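Shown next, in structure tokens, is the structure this report addresses.
The values are calculated or read from the model by the stated rules, or taken from the named source; none is laboratory data. Just so it is clear, the model here is predicted, and its values are computed rather than measured. Quick reminder, even Gly has a Cβ in these numbers, built from the backbone with ideal geometry, and neighbours come from all protein chains shown.
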């Protein structure tokens, strides 16, 4: 089950946290792993450490440093992968960081930098991987391709202190779902995970205490290692029929996100004509409690 012998996987942001655990998981399944992280001393050290950890148990891995959202670095990542291993089969976009602030005080750079690394970082590497697979398919070769993108529940519930992060994570879902539809004719899958885990992004701030390991040494539900098996499964031959899905994963749980559906439908009582405001109010007010208006994220405001 899950044999990836001979397959080649690229994982961004794989020096630490989720990416590192995913790299180790895939290497244990037999994949040759390319660990990408930013070209910065601490990140470079972590990336090379991950490579050595994989090699220590007999796995095969290499590190390619660079900015995942920079087109030139992304091109070099693919080029280096093909030169070293001759193929690319699994592209896992994981890299990211947070610069949390409410929308009242967020600067342009705080917004742009987070959207850049998460959303653009996914885009440039997905573009390179999918173009490579499409070109292979056009030559008549059978393509083994797996795209795994990393989103967050912030994308569906909103996050009051993360308008940058939540927006980027929502964009990742839309992009990955479009890719799933485009790539199905090639037998390539595209799925999204929403992990809950203790990482650099959750180790500080208001929720940091929630993500810590239990003091009694019991099962740590937010250990990033708990996420890795799902990534290994989605990368495997056994998951060939799973595509266009979003899955929440943490601890010992995996939840499949229900696809968006329309709720109540209201028809203009005046027939085939443009709505009048009073008719809209009469129709829509019946859908909402007069004294309470629930907001998706669990927060609430009084109706106006």
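Miscellaneous remarks
- Of everything listed in (1) crowded, with 17+ Cβ neighbours inside 10 Å; (2) closer than 21 Å to residue 232 by Cα, the single unmet condition for residue 30 is (1).
- The number of residues in the stretch 227-250 that are more than 15 Å from residue 150 (Cα to Cα) and out of contact with any helix residue (DSSP H, G or I) (no Cβ under 7 Å at 6 or more places or on another chain) comes to 5.
- Any hit, the stretch 146-158, residues being farther than 20 Å from residue 88 by Cβ and over 14 Å from the mean Cα position of the chain (by Cα): yes
- Among all residues of the stretch 150-165, there is at least one that is modelled with pLDDT of 95 or more, crowded, with 18+ Cβ neighbours inside 10 Å and either closer than 26 Å to residue 183 by Cα or not assigned by TED's automatic domain parsing to the domain that holds residue 193 (or both).
- Selection status of residue 103, touching a helix residue (DSSP H, G or I) at 6+ places or on another chain (Cβ under 6 Å) and farther than 24 Å from residue 190 by Cβ: yes
- Flag if residue 50 is under 30 Å from residue 160 (Cα atoms) and touching a helix residue (DSSP H, G or I) at 6+ places or on another chain (Cβ under 6 Å): no
- Among residues that are at pLDDT below 80 and out of contact with any strand residue (DSSP E or B) (no Cβ under 7 Å at 6 or more places or on another chain), residue 271 is not included.
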